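S.K.: What follows is a single structure, and I will ask about it in a moment.
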Amino acid sequence: MQAIELLLKDETATIQLGEDLVLALKPGDCLALSGDLGAGKSTLARAFLRAMADDETLEVPSPTFTLVQSYDLRIPVSHFDLYRLADVSELDELGLDEALSDGICLVEWPENALSALPKTRLTATFSHLDDGRRVTISGDPMALSRVMRSLAIRSFLDDRGYGNARRRHLSGDASARAYERILIEGQPVRLLMDSARHKPGPILQDGKYYQQLAHLAENVVPFVAIARDIRNKGFCAPNVYEADLDAGILLIENLGSEGILDADGQPVAERYLESVRMLAHLHAQPVTRDIPLSETITHHIPDFDRTAMKIETSLLIDWYLPWKRGEKASDAERDTYFLVWDSLIDLLGASEKKLLLRDFHSPNIIWRDKRSGFDRVGIIDFQDAMIGPTAYDVASITQDARVTIEPDLCGEMLSLYCSQRHALGDFDEVTFRRDWHLMSAQRNCKLAGIWVRLMRRDGKPFYMKHMPRTFSYLQVALEHEALAPLREWCIKAGIL
């Protein structure tokens, strides 16, 4: 990958570059800052540290005499100044390798210890240019691609009149998406969604990869379309202010930061119940299959079909079972497992099917206490929405994957949903309650596999803390007589 050439007209531009680099670098990255005295190295390092700390007043003393200054921030950062380094071996004493193990290193005067710096480092070379500076960023291709992505986001903001916006990290999730807070003087905080197009995975079935089989969004078009549909139906989803659909960059409304859990991370019953009430009214709305965004772009909402349901349940047998038992499932076990699911999916043939948000649970619900009606329930993270059994979303919130829902609250939510649906029109409660068990089983089989996959493939072991809850929910799902074949299979396979 070629080096990046930038012209920084003044100190403000240098500070902005430091802020942009914060959104690009990650633990293990080493950024070498090379150039003459007064070329801007320290200005960039100071801006980087203040943006990482989200503190414009953070004291950033020069490490010229101490050689290293460490900061315990969202990502730990160690700021090295090697101008006075007597010998390369001193870097071992300064703890460069240790600092890189879980943090980022900024290194001024790297020329004094090039042989000891990581070969995968990035180098920003500064030189004077009239009243400004020229910066050339080169080095590790993977890190360089992240820098280019961050600079593309800056260009997106510049092109739309937000050139002076400050960018701050908000969050990432289990997917490849990331979010930023966009701070514009005199305006409400907005959010930026960074969601580059999915890269195809290995072909699994019928010439398709997992995202295609499971109908996962591969770009931001579904998010923009579903947000519009939800808002048009009178419910609360973020307004999309600016969009680059090809690049996967959106500037969207900030619905707030308060969720439906209390300060101790426990469910607030009132908020869960109101979320379920909103869901009942959303499910009573007619389905919009095709949502036009322009003359040339229309999003067609896919069905939660047999293929999607089975590819998700395959995560249990492909990821969880080998981890649990230490050996893969036999061919006979696989065949029986999927025959069971085929028979269960057959039961859904005549079930009610409406807009299925897919992950309607605590991480994706914003509580807006000062609003009224259903505007209090902000819905986010719905780009993977499909048309499918209404029981799925109800199972998602009544058995929240991230927090334990006690049986009494679960029962109260189910009763409220059913009473609301009866009041809004014809509603087959017996079939719905059976489908709730079925969709709960489908979802929790998927989640059990996802937690292991996140640990083993993606290096995110902290999701495994949800596994006991997932299996307690699965056991409840399997109590329905229609799920007896799946319960028997799980017992025989040693899963329960």
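The values are calculated or read from the model by the stated rules, or taken from the named source; none is laboratory data. Because the structure is predicted, anything quoted here is derived from the model rather than measured. Glycine gets a Cβ as well: all are built from the backbone with ideal geometry, and neighbour counts include every protein chain shown. Accessible surface areas use protein heavy atoms only, side chains included; no ligands, DNA or RNA. Shrake-Rupley method; radii C 1.70, N 1.55, O 1.52, S 1.80 Å.
S.K.: Working carefully through the options T404, T398, find the one that is touching a helix residue (DSSP H, G or I) at 6+ places or on another chain (Cβ under 6 Å) and open to solvent by less than 50 Å² (accessible area, probe 1.4 Å). Steps first, please.
M.R.: Values: T404 fails: open to solvent by less than 50 Å² (accessible area, probe 1.4 Å).
On inspection, the qualifying residue turns out to be T398.
S.K.: Determine, yes or no, whether L67 is touching a strand residue (DSSP E or B) at 6+ places or on another chain (Cβ under 7 Å) and touching a residue at least 40 places away in the same chain (Cβ under 8 Å).
M.R.: On the way: touching a strand residue (DSSP E or B) at 6+ places or on another chain (Cβ under 7 Å): yes; touching a residue at least 40 places away in the same chain (Cβ under 8 Å): no.
So L67 fails the test.
S.K.: Quick check: anything in the range 64-87 surrounded by 14 or more Cβ atoms within 10 Å (Cβ to Cβ) and within 26 Å of D158 (Cβ to Cβ)?
M.R.: There is at least one residue in the range 64-87 that is surrounded by 14 or more Cβ atoms within 10 Å (Cβ to Cβ) and within 26 Å of D158 (Cβ to Cβ).
S.K.: Now for a separate question. Enumerate the pairs (first residue in the range 183-209 and in contact (Cβ under 8 Å) with a residue 12 or more places away in the chain; second residue anywhere and among the acidic types (D, E) and open to solvent by 100 Å² or more (accessible area, probe 1.4 Å)) with beta-carbon separation below 9 Å, excluding pairs fewer than 6 apart on the same chain, so at least 6 apart or on different chains.
M.R.: Taking only residues 6 or more apart or on different chains, the pairs are R197/D246.
S.K.: Which condition breaks for T120 when tested against (1) hydroxyl-bearing (S, T, Y); (2) open to solvent by less than 40 Å² (accessible area, probe 1.4 Å); (3) at pLDDT below 95?
M.R.: (2)
S.K.: What about D102, is it surrounded by fewer than 18 Cβ atoms within 10 Å (Cβ to Cβ) and either at pLDDT 95 or above or touching an Asp or Glu at 6+ places or on another chain (Cβ under 8 Å) (or both)? Can you show your working first?
M.R.: On the way: surrounded by fewer than 18 Cβ atoms within 10 Å (Cβ to Cβ): yes; either at pLDDT 95 or above or touching an Asp or Glu at 6+ places or on another chain (Cβ under 8 Å) (or both): no.
No; evaluated as a whole, the condition is false for this residue.
S.K.: Scan I311, I345, I379, I366 and give me the residue that is farther than 17 Å from W489 by Cα, out of contact with any Phe, Trp or Tyr (no Cβ under 9 Å at 6 or more places or on another chain), open to solvent by less than 70 Å² (accessible area, probe 1.4 Å) and at pLDDT 95 or above.
M.R.: Numbers: I311 fails: out of contact with any Phe, Trp or Tyr (no Cβ under 9 Å at 6 or more places or on another chain); I345 fails: farther than 17 Å from W489 by Cα; I379 fails: out of contact with any Phe, Trp or Tyr (no Cβ under 9 Å at 6 or more places or on another chain).
Answer to the check: I366.
S.K.: Go through the range 231-250 and give me each residue that's on the phi > 0 side of the Ramachandran plot and either surrounded by 22 or more Cβ atoms within 10 Å (Cβ to Cβ) or within 19 Å of the chain's Cα centre (by Cα) (or both). Walk me through it before giving the result.
M.R.: Residues of the range 231-250 that are on the phi > 0 side of the Ramachandran plot, as a first pass: 234, 248.
Within the range 231-250, just G248 meets the criteria.
S.K.: Only one residue in P110, P118 is of a type outside the set (D, E, K, R), more than 26 Å from the chain's Cα centre (by Cα) and closer than 14 Å to K41 by Cα. Which one? Spell out the reasoning first.
M.R.: On the way: P118 fails: closer than 14 Å to K41 by Cα.
After ruling out the rest, the residue left standing is P110.
S.K.: How many residues are open to solvent by less than 30 Å² (accessible area, probe 1.4 Å) and among the hydroxyl-bearing types (S, T, Y) when one looks only at the range 137-153?
M.R.: 1
S.K.: Would you tally the residues in the range 23-39 being in a loop (DSSP other than H, G, I, E, B) and surrounded by 19 or more Cβ atoms within 10 Å (Cβ to Cβ)?
M.R.: Taking the range 23-39 and keeping what is in a loop (DSSP other than H, G, I, E, B), we get 23-29, 35-39.
Going one step further and asking which of them are surrounded by 19 or more Cβ atoms within 10 Å (Cβ to Cβ), we end up with 23-25, 29, 35, 39.
Total satisfying the criteria: 6.
S.K.: Find the strands (runs of 3 or more DSSP E) located wholly in the range 340-451 whose residues include 1 or more that are closer than 24 Å to S171 by Cβ and small (G, A, S), and list them.
M.R.: Numbers: elements: 353-356, 365-367, 377-379, 386-389.
Fully inside the range 340-451 and qualifying: 377-379.
Yes/no matrix, rows are residues, columns are (1) free of Cβ contacts under 8 Å to residues at least 40 places away in the same chain; (2) surrounded by 23 or more Cβ atoms within 10 Å (Cβ to Cβ):
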{"position": "G349", "(1), (2)": "yes, no"}
{"position": "K354", "(1), (2)": "no, no"}
{"position": "M386", "(1), (2)": "no, no"}
{"position": "P389", "(1), (2)": "no, yes"}
{"position": "Y392", "(1), (2)": "no, yes"}
{"position": "R421", "(1), (2)": "no, no"}
{"position": "D426", "(1), (2)": "yes, no"}
{"position": "I450", "(1), (2)": "no, no"}
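S.K.: Something else now. Could you tell me whether any residue of the range 220-230 is within 15 Å of I380 (Cβ to Cβ), open to solvent by less than 30 Å² (accessible area, probe 1.4 Å), touching a Pro at 6+ places or on another chain (Cβ under 8 Å) and modelled with pLDDT of 90 or more?
M.R.: yes
S.K.: Please determine, by comparing only the residues of the range 154-187 that are within 23 Å of the chain's Cα centre (by Cα) and loosely packed, with under 13 Cβ neighbours inside 10 Å, which one is modelled with the highest pLDDT.
M.R.: If we take residues in the range 154-187 being within 23 Å of the chain's Cα centre (by Cα) and loosely packed, with under 13 Cβ neighbours inside 10 Å, then S171 is modelled with the highest pLDDT.
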